[in-house]
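FYI, it's all coordinate maths here, none of it is from the lab. Just so you know, these numbers come straight off a predicted model, no measurement behind them. We place every Cβ from the backbone using ideal geometry, glycine too, and count neighbours over all the protein chains shown.
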Amino acid sequence: MISSIKSQIKYLFAQKSLIIQFTRREISNRYKGSYLGIVWSFVTPIMMLAIYTFVFSVIFQARWGTDEETSKVEFALILFTGLLVFNIFSEVVSRAPSLIIANSNYVKKVVFPLEILPIVALGSALFQALISYLILLLAMLMLTGTFYWTALLFPIILLPLMLVSLGLAWFLASLGVYIRDVGQIVGIVIPALMFMSPIFYSRSSIPESFQFVYSLNPVTYVVEDMRSAIIWGKLPHWDWLIIGTLIGLIIAVLGYIWFKKTRKGFADVL
């Protein structure tokens, strides 16, 4: 079993040039034909941040947890960090059910590694997240005059969520070929999960009876650790990082195995 996993990792690693090529194409195609091009990668998160901040902190007069002294600037940064994390998960999982269908021309090419398509989707989402991350750091410096070295732990904190997203993407990409309704179901689940994650509110404001439900949500831990590291300069919860990474690895491996087992029937269905 372990030797098989190692061989598959080597196989995927051998496809790195193809993955990079497809990721670049994915990013360029996203803004192909637009006047601003890749500038939209900067404009979009800034505009969404402004809209969400205005709605929640100005119209709804929301505050973070029980802290009445949270300024609108700090609220905006807290909100932006949560959305940055969730958008990675959301983009990868939302696109997963249609990945194979949208690339059906590659299915009958025996030599083409379909397994890389979820990795490409993750790479594209991480590119957008990196831009949002740089915007967040710049906003921290300009608006609060602070920068914590713990913000550099960004990729380590994201690792569990990246693995979970990739595992789910492999599973849903395969399932979406056989059951086309999967895309519609995911489209309903993702917004529900966003509001079931502590993005627009603090976890401390969640009733005790619902705390257990939130503890099962992997997005919760990553969002909280990311805020602690970037905004408040605190170290992440290392115990969660270790456990979360192991859980993420299990989900990624199971998702990959499922994909490999079921891909043989793609050509018959498509």
Taking the convex hull of the Cα atoms, report for segment 109-164 its projected area averaged over all directions, in nm².
4.8 nm²
If one compares the long axis through the Cα atoms of helix 72-95 with the longest principal axis of the Cα atoms of the chain, the angle in degrees, nearest 10, works out at 10 degrees
In this structure, among Lys6/Lys108; Lys32/Lys260; Lys16/Lys260, pairs with alpha-carbon gaps over 22 Å are Lys6/Lys108; Lys32/Lys260
Sum up the charges of everything whose Cβ sits under 12 Å from the Cβ of Ile257, counting Lys and Arg as +1 and Asp and Glu as -1, but leave Ile257 out.
+2
Under 15 Å, Cβ to Cβ, from Lys32 - net charge with Lys/Arg +1 and Asp/Glu -1:
+2
With no solvent and one point per C-alpha, what does the Debye sum give as log10 I(q)/I(0) for segment 16-269 at q = 0.10, 0.11, 0.14 Å⁻¹?
-0.53, -0.64, -1.01
Helical mean residue ellipticity (222 nm; -39500 (n - 2.57) per DSSP H run of 4+; nearest 500) of the chain:
-21500 deg cm²/dmol
Among Met226, Met47, what is the fewest-to-most ranking by other Cβ atoms within 10 Å?
Met47, Met226
For segment 232-253 and segment 176-228, distance of Cα centres in Å
16 Å
Measuring from the lowest to the highest alpha carbon on each principal axis, how far does segment 165-241 reach, largest first, in angstroms?
45, 25, 20
Order these by the 10 Å Cβ neighbour count, fewest first: Met162, Met196.
Met196, Met162
So, over other residues within a Cβ distance under 14 Å of Phe13, counting Lys, Arg +1 and Asp, Glu -1, the net charge is +2
